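Accompanying notes for the structure given below.
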Amino acid sequence: MASDTGLQRTNNEDAVAINTPLRLIVLADGMGGYNAGEVASGIAVREVQAALSAAGADQPPRARLDAAVRRAHQQIFDRARAEPDCQGMGTTLVASLLDDAQLWIAHVGDSRLYRLRDNQLTCLTRDHSLVEEMIARGQYSRDDAIKLVKKNIVTRALGVETEVEIDIQVTNVAEGDVYLACSDGLNDMIDDDMIAMRLRQGARGPLELLAGSLIQAALDAGGHDNVTVALSRVNALGDSDAPWYRRLIDHF
């Protein structure tokens, strides 16, 4: 994983963690008030890990992931109400939890999870943003919406309202998959074609180099925001008697 403040910000409000024992990646992009955004994103990443660590293994992965994100939401909401400096803070979140050969994804806001499979890039999440809502309602074409609507207005975030709506989905993983979680500081600066090109070029090499390449591409394009990426790759290595998905998952 890698994170950069960018070229126009003075502090980094993104937070990210790769928790190998939990087989979890969680990334958050905070917002609101002086330094409050980084408080919100930090709480989100910390509380999701804590909740999943404490959850019983007998609970279904969907329930564990949903409860973890709701715990993070409540902690942020309570902190914002208790501390004047934190009022109005919130954060996006994208989390992926590997359970056997399935990847469970929780998503709130406009941070994204991409998958590169057989050299084809797919965005597995749909932004909770004003742009996407207007496109879905047929008010604008995608090209017009991108030009006319502010990109950074999110329609869902942790910690802002009393309740939060969480999108949770599941997808099968396959040998050779590369997964990329990112804040919008990446995809606002470079388009999906550029992301796909970088992933194809670096998919078989060290993931730390690939993460650096993606960050540098965003900076070269202007670096208007904090930019954070976390990568994982599914490999078929290790004990030949074990199912491939239990052998090794590389993360960075």
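Computed on the Cα trace of the range 1-131, the radius of gyration divided by the Kirkwood hydrodynamic radius gives Rg/Rh = 0.98. Model label points for residue 82 and residue 209, set 7 angstrom from Cα along the Cα-to-Cβ axis, are 4.7 nm apart. Computed over protein heavy atoms with a 1.4 Å probe, the carbon and sulfur contribution to the accessible area of the chain reaches 45%. The residues of the chain have, on average, 47 Å² of accessible surface per residue, using a 1.4 Å probe with all protein chains present. Between 66, 220, 14, the GNM of the chain built on Cα springs shorter than 10 angstrom shows 220 fluctuating the most. For the chain, modelled as a GNM with alpha-carbon contacts under 10 angstrom, which of 112, 81, 64 fluctuates the most? Per the Cα network of the chain with a 10 Å cutoff, 81 tops the list. Accessible area per residue was computed with a 1.4 Å probe on protein heavy atoms; residue 20 scores about 80 Å². Note that the chain carries a Kirkwood radius of 18.4 Å, evaluated over its alpha carbons pair by pair.
Considering the range 34-110 at the alpha-carbon level, its Rg and Dmax are found to be 13.3, 45 Å.
The values are calculated or read from the model by the stated rules, or taken from the named source; none is laboratory data. This structure is a prediction, so every number in the text was calculated from the model and none was measured. As a convention, Cβ positions derive from the backbone with ideal geometry for all residues, glycine included, and neighbour counts pool all protein chains shown. Accessible surface areas use protein heavy atoms only, side chains included; no ligands, DNA or RNA. Shrake-Rupley method; radii C 1.70, N 1.55, O 1.52, S 1.80 Å.
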